[in-house]
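A short worksheet on the structure shown next.
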Amino acid sequence: MLGLKLPWPNVPLWVRLGVPISMTIALAIALISFLNHSNYEKTYRQLNVSRITVVARDLRQAIEVGLNVGLAPTNNTQLDKALAAAKDHTEGLRFAVVIDAQGKRLVEVGGAAPNQGWLKRLEGIGEESSWLGEDADTYQVGLPYRNSFGITVGAVILGYDKAAIDRATAGTRLTLFANWLAAAVLLTVLTLLGVWWITRPLESELAQAEGALADPLSGASIPPLQLPLLGPQIERGISDFVRQSHAVQAAMAEVPKRSQ
């Protein structure tokens, strides 16, 4: 039982060739779809960061103009109006907050979660003009503002809806997956049909060669082989091999007679 070998199933040549080719094509399309989604997600996030950054710069300008004339953010009535307008007219904006150099919230519109860690961001920003962050519900853009002496004295932080961004990227991911699945199925069918059509003559010649070599010592004559794809050398080689096998079989049959 241990030495028993089960024969391999007689899988047609077009299947053995077509399946790996189809899988390679499907994997290539999947890789292209993945790269397209990654590029789309990156670009989409960058566009949203740019959009929110423009609003944040306008708010920072309003704060710095007030500081230059001696108005703190808490006393700047124009800043209150600008924050409210930004919240109402910027799609997806969840909150806008102005903090001082100690991280205290001076002016706020919308609902920002506590314990944001903005003070660490502000202290570590150095010469950078902005920072990017996030919490459980929002992606955030923070811009430090400076007084007339060029000293950083606080920051304005805008948080925009994370769920809206994630829904947009998830929708694109689902669309790309559906397109990949449809393309993979269609190209698999076309590939299998194409390989079947191309390999029909070759498979017919291989069947002829297999039949001729199935039992070369049986003594049965083989029909003339027509193997244009395999080539005349293989065609002659198979015929010569079968004839030599017949000759060896005949010689072996004469050995017992001579010994008698």
### Task
Would you be able to tell me the number of residues in the stretch 103-120 that are of a type outside the set (Gly, Ala, Ser) and either closer than 21 Å to residue 66 by Cβ or buried (at least 20 other Cβ atoms within 10 Å of the Cβ) (or both)?
8
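Only one of 95, 34 is closer than 30 Å to residue 172 by Cβ, hydrophobic (A, V, I, L, M, F, W, C) and out of contact with any Gly (no Cβ under 7 Å at 6 or more places or on another chain). Can you tell me which? Explain how you work it out, then say what you get.
On the way: 95 fails: out of contact with any Gly (no Cβ under 7 Å at 6 or more places or on another chain).
Exactly one residue qualifies, and that residue is 34.
The rows are residues; the columns are (1) within 15 Å of residue 62 (Cα to Cα); (2) in contact (Cβ under 8 Å) with a residue 60 or more places away in the chain; (3) loosely packed, with under 14 Cβ neighbours inside 10 Å.
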{"site": "125", "(1), (2), (3)": "no, no, no"}
{"site": "136", "(1), (2), (3)": "no, no, yes"}
{"site": "139", "(1), (2), (3)": "no, yes, no"}
{"site": "143", "(1), (2), (3)": "yes, yes, no"}
{"site": "151", "(1), (2), (3)": "no, no, yes"}
{"site": "155", "(1), (2), (3)": "yes, no, no"}
{"site": "161", "(1), (2), (3)": "no, yes, no"}
### Task
Tell me, yes or no, whether the stretch 95-112 has at least one residue that is out of contact with any Cys (no Cβ under 8 Å at 6 or more places or on another chain), at pLDDT below 85 and of a type outside the set (S, T, N, Q).
yes
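The values are calculated or read from the model by the stated rules, or taken from the named source; none is laboratory data. As the structure is a computational prediction, the values presented were derived from the model and not from experiment. Glycine also receives a Cβ, built like all others from the backbone with ideal geometry; neighbour counts cover every protein chain displayed.
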